[in-house]
Each structure stands twice: as C-alpha cells, then as structure tokens.
Amino acid sequence: MATVSGPLPALSGTTLTGAQLTPADYRGHVVVINFWNPDCPPCRKEAPELRSQWEHLSALGVRFVGVVYVGGNWPDDPAAARTYVHQYGLGYPAIVDEHSSIARAAAIQGIPETIVADASGRMRYRVLGQVKSGELTALIAGLSPSP
C-alpha cells in the first residue's frame, strides 16, 4: 500500500452489462477502483476477496468500479471480462479502458492494482498487487464515507 494524491480520473463509459457509468454515479462517495484483466492470474486470485470487501463496504456507501486493463500483453476481450465478472460474482460496474487513458491518468504500474479515493474525489491510497483480507476496510476506516 502506498499513499497517493491527485484527482481521481473520470470513470465513465458503457459497463460490461451495457449500463452507462458516469461520474455522477460515485460523486460524493468513497470509491474503490480495481484495475484487472481476465487473463491475469493474480487478478483471478484476488477476485473473491474483492467481492467480499465490496459486499461489506457497499453497505457503508462505498462505491466500487472495475476497470478492465487492456494493451501491451493484456487482451481486449469483453466476452471473457463478462464471464470473469459473472464467475466471481462481482456486482459492481466494470468498464473497459480501451485506450488505457484511465490507467495512464491514475499512473497504474501493473495489474492487479487498486486505488482508493475519498469522497471529495481525491486519490488517497494505491494497493499494488492483490488486495489482502480486510485491507480496503482498514484503508477506508479513516476516510469519510458518503454523507
């Protein structure tokens, strides 16, 4: 885990389920953004823990957004990404970062990687690699959830 600063990049687009995601969907909330790809073994290993923490934290007003990282050696395969989301029971929205613009704006170093932003829209924490049990809960404990 590392502390970071800077504005949260705008997260918007068509989700893997066909819905629209806009900044209004998470504005004023603590946001957890997880960068992943269905071909990433560590991403698959962390998915059950993310689901568990999402189930707990979403009840507290925390929003989660999955960002499918593509480019380099990571394929852009929306069908595989939809299967991944269904297989791991990830009920939060996920969008494909087709041009890596979100990843570049957030200075993503690799996947899996997770960013926690506070309710004012400022990035506060970066988790490099897999999220550990209870890690997001601990990081968010000091931030103000939704009003």
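Every read-out reported here was derived from the displayed coordinates using simple, explicitly stated rules and does not represent laboratory data. What you see is a predicted model; the values in this text were computed from it and never measured. Glycine also receives a Cβ, built like all others from the backbone with ideal geometry; neighbour counts cover every protein chain displayed.
Conditions (1) small (Gly, Ala, Ser); (2) touching a strand residue (DSSP E or B) at 6+ places or on another chain (Cβ under 9 Å); (3) surrounded by fewer than 14 Cβ atoms within 10 Å (Cβ to Cβ); (4) within 22 Å of residue 2 (Cα to Cα), marked per residue:
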site	(1), (2), (3), (4)
71	yes, yes, no, no
82	no, yes, no, no
114	no, yes, no, yes
132	no, no, yes, yes
Inset, instruction - Working only within segment 109-125, note down all residues that are under 18 Å from residue 22 (Cα atoms) and either within 13 Å of the chain's Cα centre (by Cα) or hydrophobic (A, V, I, L, M, F, W, C) (or both). - result: 115, 116, 117, 119, 123
Inset, instruction - Check segment 52-64 and report whether any residue there is at positive phi and either touching a strand residue (DSSP E or B) at 6+ places or on another chain (Cβ under 9 Å) or of a type in the set (Asp, Glu) (or both). - result: no
Inset, instruction - Report, ordered by the first and then the second residue, all pairs with beta carbons closer than 6 Å, sequence separation of six or more or different chains, a first member in segment 45-59 that is in contact (Cβ under 8 Å) with a residue 60 or more places away in the chain and surrounded by 14 or more Cβ atoms within 10 Å (Cβ to Cβ), and a second member that is of a type outside the set (Ser, Thr, Tyr) and part of a helix (DSSP H, G or I). - result: 53/136
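This table checks each residue for (1) under 12 Å from residue 111 (Cβ atoms); (2) more than 12 Å from the chain's Cα centre (by Cα); (3) among the aliphatic types (A, V, I, L, M).
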position	(1), (2), (3)
31	no, no, yes
48	no, yes, no
51	no, no, no
55	no, yes, no
59	no, yes, yes
62	no, no, yes
67	yes, no, yes
72	yes, yes, no
Inset, instruction - Specify the residue that is surrounded by the fewest Cβ atoms within 10 Å (Cβ to Cβ); the eligible residues are those in segment 84-104 that are farther than 14 Å from residue 39 by Cβ and of a type in the set (S, T, N, Q). - result: 101
Legend entry - Pairs where the first residue, in segment 13-42, is in contact (Cβ under 8 Å) with a residue 40 or more places away in the chain and the second is among the basic types (Lys, Arg), C-beta under 6 Å, 6+ apart: 16/82; 29/63; 31/63
